[in-house]
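Q: Before we start, here is the structure in question, set down as structure tokens.
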Ligand SMILES: [Zn+2]
């Protein structure tokens, strides 16, 4: 039997090798390579020369790959992954893609954006790494979220500037919203009544939502919050958008963002059943 090898590029930018072959050639089918713009959100050095990476791909969502020989230079003096992939690097990746496999193989990586201003600004870097931690834990594998990818890539640029605090809070709100973790601040999660009290607001990390004045006495893990901050969070979510990103973000200080970041971190610790690593750096 004569096999005809064709290389086709579909609209999702996946290189579909032999996609038309029947499934009686499973080994050949598994060699299909995919290409995607990716952000590195987790990195584990593996052996002396390799890395295991969690990448957030624009068209593929979250995926785990091994970069074999990432730290090994060729005879010509260069490494095939530009010397290794770093956290928050944005690059064009080529990788074997089989959704059934836990670990795919990275075959090419071309760095597109190393986010240098961000790397020179410690506060922005902490917020960027915290964003990456949240992305790596909240997004499901093989669940493409292209809009959120664009938001994340743009946010990494802005985190290297004086707009870092409001950029992080707005991105975090979008991430929680798109992954179904954003609390409903308008209604009490205990009794279902609207939360209208303007003097003080309460939030329960374990219930993942607002608690009204009447119910706060029976919810032991309630966190008291300035209601103006809840209004601020709702305001950020309603800002007009361009290409998915909120426009005219108000300038915020840590005095405003820390209490909200702390509240969401507590909620995520509870939801994920483990303590997040980066809040210790971000919240001081
Ligand atoms: Zn209530």
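The values are calculated or read from the model by the stated rules, or taken from the named source; none is laboratory data. It should be emphasised that the depicted structure is a prediction, and the values quoted were computed from it without experimental measurement. All Cβ positions, even for glycine, are placed from backbone atoms using ideal geometry, and neighbour counts span all protein chains on display.
Q: In the list 134, 176, 169, 103, which residue meets the criterion of being touching a residue at least 40 places away in the same chain (Cβ under 8 Å) and over 18 Å from residue 282 (Cα atoms)?
A: Being touching a residue at least 40 places away in the same chain (Cβ under 8 Å) and over 18 Å from residue 282 (Cα atoms) holds for just one of 134, 176, 169, 103, which is 103.
Q: Here is a follow-up. Could you check segment 187-200 and list, in sequence order, the residues that are in contact with a strand residue (DSSP E or B) (Cβ under 9 Å, 6 or more places away or on another chain) and away from the ligand (no atom under 12 Å from the Cβ)?
A: 200
Q: Continuing with the same structure: Filter segment 216-264 down to the residues that are within 16 Å of the ligand (Cβ to nearest atom) and farther than 28 Å from residue 150 by Cα and list them by number.
A: Within segment 216-264, 216, 217, 218, 219, 220, 221, 222, 223, 224, 225, 227 qualify.
Q: Could you figure out which of (1) assigned to a loop (DSSP other than H, G, I, E, B); (2) within 16 Å of the ligand (Cβ to nearest atom); (3) on the phi < 0 side of the Ramachandran plot isn't true of residue 181?
A: (2)
Q: Mind listing whichever residues of segment 204-215 are within 10 Å of the ligand (Cβ to nearest atom) and either in a loop (DSSP other than H, G, I, E, B) or farther than 17 Å from residue 266 by Cα (or both)?
A: 212, 213, 214, 215
Q: Right, here's the next one. Residue under question is residue 176, and the condition is that it be in contact with a helix residue (DSSP H, G or I) (Cβ under 7 Å, 6 or more places away or on another chain) and away from the ligand (no atom under 16 Å from the Cβ); does it hold? Outline the logic, then answer.
A: On the way: in contact with a helix residue (DSSP H, G or I) (Cβ under 7 Å, 6 or more places away or on another chain): yes; away from the ligand (no atom under 16 Å from the Cβ): yes.
It is true that residue 176 is in contact with a helix residue (DSSP H, G or I) (Cβ under 7 Å, 6 or more places away or on another chain) and away from the ligand (no atom under 16 Å from the Cβ).
Q: Show me the strands (runs of 3 or more DSSP E) entirely contained within segment 14-82 in which 3 or more residues are modelled with pLDDT of 85 or more.
A: It comes to 33-46, 50-57, 61-67.
Rundown of residues vs (1) more than 27 Å from the chain's Cα centre (by Cα); (2) within 16 Å of residue 233 (Cβ to Cβ); (3) surrounded by fewer than 16 Cβ atoms within 10 Å (Cβ to Cβ), yes/no style:
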| position | (1), (2), (3) |
| --- | --- |
| 171 | no, yes, no |
| 174 | no, yes, no |
| 177 | no, yes, yes |
| 180 | no, no, yes |
| 196 | yes, no, yes |
| 201 | yes, yes, no |
| 205 | no, yes, no |
| 208 | no, yes, no |
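Q: Considering each of 166, 190 in turn, give the residue that is surrounded by 17 or more Cβ atoms within 10 Å (Cβ to Cβ) and not in a helix (DSSP H, G or I).
A: That would be 190, the only listed residue that is surrounded by 17 or more Cβ atoms within 10 Å (Cβ to Cβ) and not in a helix (DSSP H, G or I).
Q: Just give me the residues in segment 212-248 being surrounded by 16 or more Cβ atoms within 10 Å (Cβ to Cβ) and touching a residue at least 60 places away in the same chain (Cβ under 8 Å), in sequence order.
A: Once the filter is applied, which keeps residues that are surrounded by 16 or more Cβ atoms within 10 Å (Cβ to Cβ) and touching a residue at least 60 places away in the same chain (Cβ under 8 Å), segment 212-248 yields 233, 236, 245, 246.
Q: If you go through segment 249-263 one residue at a time, do you hit one that is surrounded by fewer than 17 Cβ atoms within 10 Å (Cβ to Cβ), out of contact with any strand residue (DSSP E or B) (no Cβ under 9 Å at 6 or more places or on another chain) and free of Cβ contacts under 8 Å to residues at least 24 places away in the same chain?
A: yes
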